[in-house]
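The values are calculated or read from the model by the stated rules, or taken from the named source; none is laboratory data. Fair warning: this is a prediction, and the values are worked out from it, not measured in the lab. Glycine gets a Cβ as well: all are built from the backbone with ideal geometry, and neighbour counts include every protein chain shown. Note: areas computed on protein heavy atoms with side chains; ligands, DNA, RNA excluded. Shrake-Rupley method; radii C 1.70, N 1.55, O 1.52, S 1.80 Å.
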Amino acid sequence: MGDKVSKVKGTNDFLQEEAKKFIKLEGMVHSIMSSYGYNFIKTPAFEKTELFVRSVGKDSDIVNKEMYTWLDNGKTSLTLKPEGTASVVRAFVQNNIGASSPINRLYYVDAFFRRERPQKGRFRQFHQLGIEAIGSENPEQDAEVIAVAYSLCNHLGLSNVVTKINSIGSSEARASYSQALKEFLIPHADKLSETSRARMDSNPLRILDTKIPDEIGLIKNAPVISDFLDGDDRKHFEDVLETMESLGLKYEIDPRLVRGLDYYNRTTFEMVSSDLGSQNAVLGGGRYDSLVKDLGGKPTPAIGFAAGIERLILCMNQANQSAPDKGPDVYICLAGDDAIKAGAPIAKQLRDEGLTVVQETLRRSIKSQLRDANRLGSKWAIIIGQDEVDANTVQLKSMDQGGDQSEVPSGDLLKRIRG
Ligand code: HAM
């Protein structure tokens, strides 16, 4: 036997229950999205590195230290997608999608890659479902996107989720705020970590995301961005909150919520769950009104969010949301060469009629085949041996507790199963 090859650190196999939850969640996502008029989009697994540098931002943690980047053919720098918004906007611009409609509602379910330190809820390959509404600058669009996020959590039965929301205004507001924050922090520079000191020059807003208790204490007294918003930004934020209230969507304003990606402006939000550990963000998003233009398109406002599927599954486990175990309709048990030959055509005929069918291919004893039918939760077992082949019949056995078995002519099989 050869040596075993193990999975790469920070990656996951979705097995059994987890795999079922993934499918359940995906199915739910497709139906919620279509109920809001969102269309599925699929972008490539890798993009030119430049795309993420120019959107997520060269000073962000993602671009600075988390991307899987390589020089392709010694020429072009490529990167496995660390997030979805940049790719969707690249596709939007490149395919001139905006020309066909002034508003485009798009969604995706995809794998993403970040070289982070793995821990509970944090992986190097993870999955997101995300939505991007491209075209409207109005507050009702923000409220719609946030309502989709709520709808998702409700459908999944997640109750311990809190929505944190903030407005980070325009780039001018962020520039004056960054300056004020820096001035506030300078006298305390000796108390800051090396990372935060470096961020004072590169991107002071990122310091607000610190997890170091002393720094959190210090920041409590720092100026807040809401004091730097202009009248239009303020009005936009008030209108978003008012619409959310009219929809009964509860929120907490978090004046220090800035998010770790550089493309955001105005509304930013996160949903956090007490069912998760330190990686408690189930989803995050916000407005990115300049990104389409920054990536070469016509100026087009946009807003979206993405939710971590592994984290949603962790929350589903806490909320005891198991995926229903639906076994096949029929399990076909076969004994003897002629019966084995007859098995596949019968399975095909039943599947053509819309039934789900599992057929024995291991040539086990009928007893173990029936045990397997039971394990899979099959409703019916069809047993075929030489006698049945000769008489052109099958034994039909109900797999219910104490279910009976009877010989049925092959031609009557479907009628009997359908009852
Ligand atoms: P993000 O906050 O970087 O935003 O990621 C969104 C969600 O993906 C997080 O809240 C978390 O649930 C999940 N996630 C992120 N990193 C990991 C990881 N290493 N392991 C497991 N789950 C993770 C974005 O990606 C933006 N593109 C969201 C967006 C869409 N904004 C506008 N439109």
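Quick one: if the Förster radius is 35 Å, what FRET efficiency do Lys4 and Lys75 give, using the C-beta to C-beta distance and rounding to 0.05?
That pair, Lys4 with Lys75, gives E of 0.45.
Please give the length that would be gained between Ala175 and Arg234 if that part of the chain were fully extended, namely 0.36 nm times their separation in residues minus their C-alpha to C-alpha distance (nm, one decimal).
Taking Ala175 through Arg234 to full extension adds about 19.6 nm, to one decimal.
Which of Gly169, Gly327, Gly304 ends up with the largest GNM mean-square fluctuation for the chain, with Cα atoms connected below 10 Å?
Highest fluctuation of the listed residues: Gly327.
Return the carbon/sulfur percentage of the accessible area of the chain, one whole number, probe 1.4 Å, all protein chains in place.
Looking at the chain in its full context, I get 49 percent from C and S.
Within region 180-195, what residues put their amide N at less than 19 Å from the label point 7 Å along the Cα-to-Cβ vector of Asn221?
Under 19 Å, as judged by backbone N against the label point of Asn221, lie 180-193 of region 180-195.
Using a 1.4 Å probe on the protein heavy atoms only, what accessible surface does Thr11 show? Give it in Å² to the nearest 10.
Roughly 30 Å² of Thr11 is accessible to a 1.4 Å probe.
What ratio of Cα Rg to 2.2 N^0.38 Å holds for region 330-418?
Here the answer is 0.96, to two decimals.
Helix 366-376 versus the longest principal axis of the chain: what angle, 0 to 90°, nearest 10, using Cα atoms?
Result, in degrees: 30.
Any idea what angle helix 16-35 forms with the longest principal axis of the chain, computed on alpha-carbon atoms, 0 to 90 degrees, nearest 10?
The answer is roughly 70 degrees.
Evaluate region 36-105: find the radius of gyration of its Cα atoms, find its Kirkwood radius, and give the ratio Rg to Rh.
Answer for region 36-105: 1.03.
Between Lys48 and Arg351, what is the label-point separation in nm under the 7 Å Cα-to-beta-carbon projection?
It is 4.5 nm.
Mind checking the per residue accessible area of the chain for me, 1.4 Å probe, whole number of Å²?
The answer is 50 Å² per residue.
Taking R0 as 45 Å, what's the FRET efficiency between Lys120 and Glu245 from their Cβ-Cβ distance, rounded to 0.05?
So the FRET efficiency works out to roughly 0.85.
Quote the Stokes-Einstein diffusion coefficient, in whole µm² s⁻¹, for region 150-252, based on the Kirkwood radius over alpha carbon pairs, a temperature of 10 °C and a viscosity of 1.306 mPa s.
Answer, rounded: 101 µm²/s.
Against the longest principal axis of the chain, how steep is helix 171-185, in degrees 0 to 90 to the nearest 10, with axes from Cα atoms?
So the helix axis and the longest Cα principal axis differ by about 70 degrees.
Using a 10 angstrom cutoff on alpha carbons, build the Gaussian network for the chain and name the most mobile of Phe184, Phe92, Phe52.
Largest GNM mean-square fluctuation: Phe184.
Along the charge dipole of the chain, pointing to its positive end and built from +1/-1 on Cβ of Lys, Arg, Asp and Glu, which listed residue (Leu208, Tyr36, Ser6) has its Cα farthest out?
About the Cα centre, the residue reaching furthest to the positive side is Ser6.
Which value at 222 nm does the chain reach when only helices count, each DSSP H run of 4 or more adding -39,500 (n - 2.57), with the total divided by all residues and rounded to the nearest 500 deg cm²/dmol?
So the calculated ellipticity at 222 nm is -11000 deg cm²/dmol.
Taking the square root of 5 times each eigenvalue of the Cα gyration tensor, what semi-axes in Å does the equivalent ellipsoid of the chain have, largest first?
Semi-axes from the Cα gyration tensor: 53, 23, 21 Å.
Compute the distance in nm between two label points, each set 7 Å from the Cα along the Cα-to-Cβ direction, one at Ser159 and one at Glu17.
Using points 7 Å along Cα→Cβ, the separation is 2.0 nm.
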